[in-house]
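Each remark here refers to the structure printed beneath this line.
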Amino acid sequence: MTDPRDTSATGFRTRFLAATAAWAVLVAAVLVAVPLAFAGRLPDPAATHWGPSGAPDGSAPTVFLAVFPLVLWAVLVASCLGLGRRRLVTRRAGRVGIAAGLAWGGVFTVGLQAVSIAANLDRSRWQDAAPITWQAIAVIVVAFACALLATWAGRRRADEPAPAPAPEAAAPDLAPGRLVVWVSSVSAPLLLALSGAALAASVAFAVFRLMGLPGRTWHTVAVLAIVGLAGFALSTVSVRVGFEGLRVAYGPLRWPARRVPLDRIERAWVEERYPVQVGGWGYRGLPGRATIMIRGGECLVVRYTSGGELAITVDDAAAGAALLNALVARRRPSVER
């Protein structure tokens, strides 16, 4: 009798994610430590941009040499960690994408920072910084070489067997006079928290302005309020399936909402989708073929009779798809008659 828990696979995932986390911390430490070590030998402001001729043509405060690569690295790490879900780490393609992206990004940001610091080192003015020509090309070449090495490392283990598909939900009872409704929703806690913080900041700035704070405070209040309200509207999605068709509502107040009548629906099914597959979070795609991505994983996918599709990340999608297909099948014979 085999053990259903594959400890070797679990150990591999743990080691892989631990290695990527260690690499992320190491690169971040270098990006902070190197500028601090040479801070006394750099001009302020320092050269931060070089033109096609290789001569410096732009400057910024010296701290920019540390902050910009560090922010760039943080964004890249956050993007790659979004790929680091179990189902993607267990596949070669997912591992290769994470490993290659972090390898290229780490070497590129460290190399970019090193070249910039070396060009500014011991210069009294940023205009006197050394030219940068072949050094930039060398950084890019080395970064791609490291990405290829990481790609090879990510391919060393084969894909893990895919889990058995979940059983389809049973067809609901649509006996005459019986009202059947399916309702489900999903929220993004982080977006809710950030939206609440933006609204709280908007109220705080409004209070400060009423107390006499100078400046263009009302502009800040308006921007924060718009950002907070938009975040709340996009943080929650509620889906309802019934005899009236499909209804998708947004936000905690279930408004705005859109309704798709049964005569516009061909069929529905369940599919797993993740932000990396659809281009990110939120409303992705174009009308007629779109995905409402609140959280990665199980989606209710609806195909229109016109050929378009709408996918919504929502819990218990199998039950919603089963009811929607039953309602469409029940209505279709009556329409054909």
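The values are calculated or read from the model by the stated rules, or taken from the named source; none is laboratory data. The structure displayed is predicted, hence computed values, not measured ones. Cβ: placed from backbone, ideal geometry, glycine included. Neighbour counts: every protein chain shown. The accessibility values were calculated without ligands, DNA or RNA, using every heavy atom of the protein model including side chains. Shrake-Rupley method; radii C 1.70, N 1.55, O 1.52, S 1.80 Å.
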Original post:
Quick one: if the Förster radius is 22 Å, what FRET efficiency do Leu253 and Arg303 give, using the C-beta to C-beta distance and rounding to 0.05?
Top reply: 0.15
Original post:
What is the stretch 33-80 by shape, rounded, prolate or oblate, if you read a ≥ b ≥ c off the alpha carbon gyration tensor as root eigenvalues and call it rounded for a/c under 1.5, prolate for a/b larger than b/c, and oblate otherwise?
Top reply: oblate
**OP:** Set the Förster distance to 56 Å, then compute FRET efficiency between Leu17 and Asp122 from the Cβ-Cβ distance, nearest 0.05.
**Re:** 0.85
Original post:
Peptides 305-312, 294-301: what's the order by average Cβ count within 10 Å, highest mean first?
Top reply: 294-301, 305-312
Subject >> Fraction of accessible area attributable to carbon and sulfur, the stretch 224-337 (%, probe 1.4 Å) >> reply: 57
